[in-house]
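Please treat every number below as a calculation from the coordinates, not as lab data. These numbers come from a predicted model, not from an experiment. Glycine gets a Cβ as well: all are built from the backbone with ideal geometry, and neighbour counts include every protein chain shown.
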Amino acid sequence: MRVLFIAAEAAPLVKVGGLGDVAGSLPLALKRLEVDIRLAVPWYTEIDVGRFKVCEENGAGVTTLGKSDVPVYLLAREVFLKTGSHKAIAGTKAEEAWFSGFCEAVVRFLKDSEWKPEILHGNDWHVAKALSFLEKTAPETLAEWGYLEKNLATLLTIHNLSYHPTRLREAILATDIINAVSPTYAREILTPEFCEDLCEELNARKEDVYGVLNGIDYAVWNPETDGYLSECYSTLTWKGGKARNKRELRSRLGLEESTGMLLGFVGRIDANQKGIGVLIQAVERLVALGCQLVVLGTGDPRYERKLNSVAVRYPGKVAMCLRFDEQLAHMIYAGADALVIPSRFEPCGLIQLIAMKYGTLPIAHDVGGLVDTIRDGETGFLFKAYSSVGLVSAVERAKAMYSTEPVGWEMMVTRAMRENFSWERSAGEYIKLYEKAREKSKE
Ligand code: ADP
């Protein structure tokens, strides 16, 4: 099966969040299942053409994904030469024009390329125009381009409904089938609380909405081999390994030595999604519980300022790192005791999957993919109320276990590290969705 996977980012070429991780790893798992998969992503100026050995062919950049031989086409360079830093992808109006330009380039690629995919696998709102253009294209035109019998089916994967809902509406109406990145989020997006005003469109297509849980790439996220860590460790050696990484992390962040829990937060500073307001309100009580906190994130400048002004009140106890820092992210996953995830909604969430692999227990709001991946009291702690009270009460439960039931805590850590969220199973589910999309496109 031939699949063109189109996305706004793909690690390691370019990444601002979980979409980048997924686009950088799911295609590798599909390739292992013998799918002829290729990627198209925007040719941002920040992509390091030297490091990724990018060649130019017919105006497109061509490289491969990571160490694999999966081809990646970098498109619409002329658009992204003018846009500045991709780190600004934050929901602004200007982005709609950039990604229309990207979609036009995708359509040109579909027309001109000798390689003809059978499936166009689009991700999030950025690709909407490509999906809607194809939907409007007459079968005869597609046949002229080499797609016989309209043999080009489409799948839209929703990683996040909250950005540019108008564009997403267009994509939802145009695509053959749809999936969300966890079974729970697939159900939630049909309800008013989570549908971002797209309830009508999504419910009209309810039969075509599936949920497939994201995975992570354990070649990248593995404490046994992670080159960013002061000491690598396994399920057998984590106690010493995590202690050393924690010392290193504290010293780098200027946090005091302490027997209390070190809590981490890693994520985009998006107050609508990530529960930043809840976290800020909880800081005083978390510190009173004897916890320390490190926040790594970048995003909304108003909330970045609020976070900074909280941190200055607790020197040695709270550290704010308001930037994108791959190495520090790895050090936090390894050195923290627990990761706080107070998201209002979370389509899947990768940070809890990574944290568990590193023996760092997630303390999370029970919503979306967090429900599907964290077993309360076994591999992490879930809380119901989306509020600082909810978060603090879950941290209290974690702290009680951490300080008075060390054996129970250790069992949870080992259990969390042994969970398996590799892509293998979900990649098989995507193949089934591709088949469904092909049937649907012929209806
Ligand atoms: P989302 O897709 O909503 O951004 P996820 O939990 O799915 O959230 O994925 C977040 C990914 O981005 C993880 O790989 C996380 O480590 C990474 N990440 C987020 N913010 C930062 C940051 N400031 N520095 C380094 N990595 C970050």
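Calculated from the alpha-carbon coordinates, region 270-391 shows an Rg and a Dmax of 13.5, 36 Å respectively. As a rough footprinting exposure proxy, the listed residues Ser403, Ser251, Ser387 were ranked by other beta carbons within 10 Å of their own, and the order from fewest upward is Ser251, Ser403, Ser387. In terms of packing, defined here as the mean over residues of other Cβ atoms within 10 angstrom, the peptides 60-70, 210-220 line up highest first as 210-220, 60-70. Projecting the Cα positions of Ile37, Phe102, Gly408 onto the charge dipole of the chain (unit charges on Cβ atoms of Lys, Arg, Asp and Glu, taken about the Cα centre) puts Gly408 furthest along the positive direction. To the nearest ten degrees, helix 165-174 and the longest principal axis of the Cα atoms of the chain are 50 degrees apart. Spin-label model, Asn308 to Leu81: label points 7 Å out along the Cα-to-beta-carbon direction sit 3.5 nm apart.
The overall shape of region 206-290 is oblate: from the C-alpha gyration tensor, with semi-axes ordered a ≥ b ≥ c, the ratio a/c is 1.5 or greater and a/b is no larger than b/c. Got the relative contact order for region 22-175 handy, in percent, Cα pairs under 8 Å and 6 or more residues apart? This gives 18 percent for region 22-175. Compared with the dominant Cα axis of the chain, that is its longest principal axis, helix 238-253 is turned about 90°. Stretching Lys384 away from Arg51 to a fully extended chain increases their span by 115.4 nm, per 0.36 nm per residue minus the current alpha-carbon distance. The ellipsoid equivalent to the alpha-carbon distribution of region 58-152 has semi-axes of 24, 18, 12 angstrom, derived from the gyration tensor eigenvalues as √(5λ) and listed largest first. With neighbour counts taken as other beta-carbon atoms within 10 Å, the residues Thr157, Thr92, Thr235, Thr259 rank, fewest first, as Thr259, Thr92, Thr235, Thr157. Isolated cysteines of the chain, defined as having no other cysteine beta carbon under 4.7 Å away, are Cys55, Cys103, Cys232, Cys291, Cys321, Cys348.
Charge dipole (Cα centre; +1 on Lys/Arg Cβ, -1 on Asp/Glu Cβ; no other charges) of the chain amounts to roughly 1100 debye. Helix 276-288 and the longest principal axis of the Cα set of the chain meet at an angle near 20°. Here the chain carries DSSP beta bridges of which approximately 15% are antiparallel, counting only pairs with both residues inside. Computed over every Cα-Cα pair of the chain and binned at 10 Å starting from 0, the pair-distance distribution P(r) comes out as 4, 21, 31, 25, 14, 4, 1, 0 percent.
The GluC sites (Glu not before Pro) of region 13-111 that meet both conditions, a loop assignment by DSSP and at most 16 other Cβ atoms within 10 Å of the site Cβ, are Glu34, Glu46.
Straight-distance candidates among the aspartates and glutamates for linking to Lys239, with alpha-carbon spacing under 12 Å and chain neighbours fewer than 8 residues away dropped: Glu231, Asp337, Glu410. Listing Asp366, Asp112 from fewest to most neighbouring C-beta atoms within 10 Å gives Asp112, Asp366.
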